[in-house]
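Take a look at the structure below.
Read-outs: derived from the displayed coordinates by stated rules, not from any lab. Values in this document were obtained by computation on a predicted structure and should not be read as measured data. Glycine gets a Cβ as well: all are built from the backbone with ideal geometry, and neighbour counts include every protein chain shown.
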Amino acid sequence: MEASACTGLPTDAELVAPDDYGVIVIDGGALSHSLPGTIVQGKTFAEYFTKVFCPRIQHESKRAARVDIVWDQYRSMSIKAATREKRGKGTQQRVSGSAKVPGNWHNFLSNAENKKELFSFQSTSIVQKSFQDGKQVYVTSGDQILNAGNGPPMGRCNHEEADTRVLVHLLHALQYSSQGMVYTGDTDIVVILLCNFHHIKVENPESEIWISFKTGKTVNMIALTNIASILGVTMCKALALFHEFTGSESTSAFKYKGKRNCFKRKDEVP
């Protein structure tokens, strides 16, 4: 689903995002693309973790009691294999603390095996760090969910995509807190959260959720709670079908008809 589709959703421009949250759930793939290895070009992956990735997580932990990092899984037998093939396949490179960060970060991240190794390396590295003031950090590692701190454990999760794993982590965190924020650049995640928002509200009626949505160099704060309230239960639950019907990674879109136009037409032909 194209990022511009998010701008077609109803919002209240006067709403101001809070400074602090009970939990921040991070789409790890989106974060990796926004923190290019070229910052430490010629250095090692250990230095990339120490100077680039870890400081970002520490920064987020200053405004949240808990930070969750969620990755995609990359399986050899996957329905996503064809889609990933279309996106290109960069040169495979081994990832370890002593290995050098490649000069072409985009090419590096276009290889599924590279991402698999990078995400695994960052997961095992981050849980070895100590976080102050009782802060909790959860991170996916294959089917497992590792954590640093003294937070309640999470069970295994075999979801392949970060899209749905974000929801799993959010639901777990909202058992203990009401204010949540999700960092992503993927509108699929926004759709999934809206589809399940009223279920989230049943689990925690006090929950308030914000989306920190990154498009290029721009980050917009989206009040998911407000959008869900405006759309209503029926429309929120119908968004998944609307998303697939108007085009996704596995279904074709209408020629010259984007999601924003289709969404507007729903009111003309109810």
For this session: Express in nm, to one decimal, how much length is gained between ASP143 and ASP19 on full extension, taking 0.36 nm for each residue of separation and deducting their alpha carbon distance.
Result: 41.4 nm
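If a/c stays under 1.5 just call it rounded; otherwise compare a/b with b/c (prolate if a/b is bigger, oblate if not). Do that for segment 66-199, with a ≥ b ≥ c from the square roots of the Cα gyration tensor eigenvalues.
oblate
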Exercise. Amide H to amide H, which residues 5 or more places from VAL182 or on other chains are under 5 Å from it, using H placed in the peptide plane?
Worked result: VAL25, TRP210, ILE211, SER212
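Evaluate E = 1/(1 + (r/R0)^6) for THR215 and GLU244, where r is the Cβ-Cβ distance and R0 equals 22 Å; express this FRET efficiency to the nearest 0.05.
Numbers: r = 22 Å, r/R0 = 1.00.
Calculated value: 0.50.
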For this session: Could I have the simple spin-label model distance between GLU160 and LYS237, label points 7 Å from Cα toward Cβ, reported in nm to one decimal?
Result: 2.8 nm
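A 29 angstrom limit on the alpha carbon distance is what I want to check against. Which of LYS89/LYS129; LYS116/LYS214; LYS100/LYS217; LYS89/LYS201; LYS51/LYS201 exceed it? Working shown, then result.
On the way: LYS89/LYS129 32 Å; LYS116/LYS214 22 Å; LYS100/LYS217 26 Å; LYS89/LYS201 41 Å; LYS51/LYS201 38 Å.
Correct reply: LYS89/LYS129; LYS89/LYS201; LYS51/LYS201.
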For this session: Provide the gained length on full extension for the span LYS100 to GLN58, in nm with one decimal, where the gain is 0.36 nm per separating residue minus the Cα-Cα distance.
Result: 12.8 nm
Exercise. Separation between the SER178 and LEU35 pseudo-spin-labels, each 7 Å from Cα along Cα→Cβ, expressed in nm?
Worked result: 3.1 nm
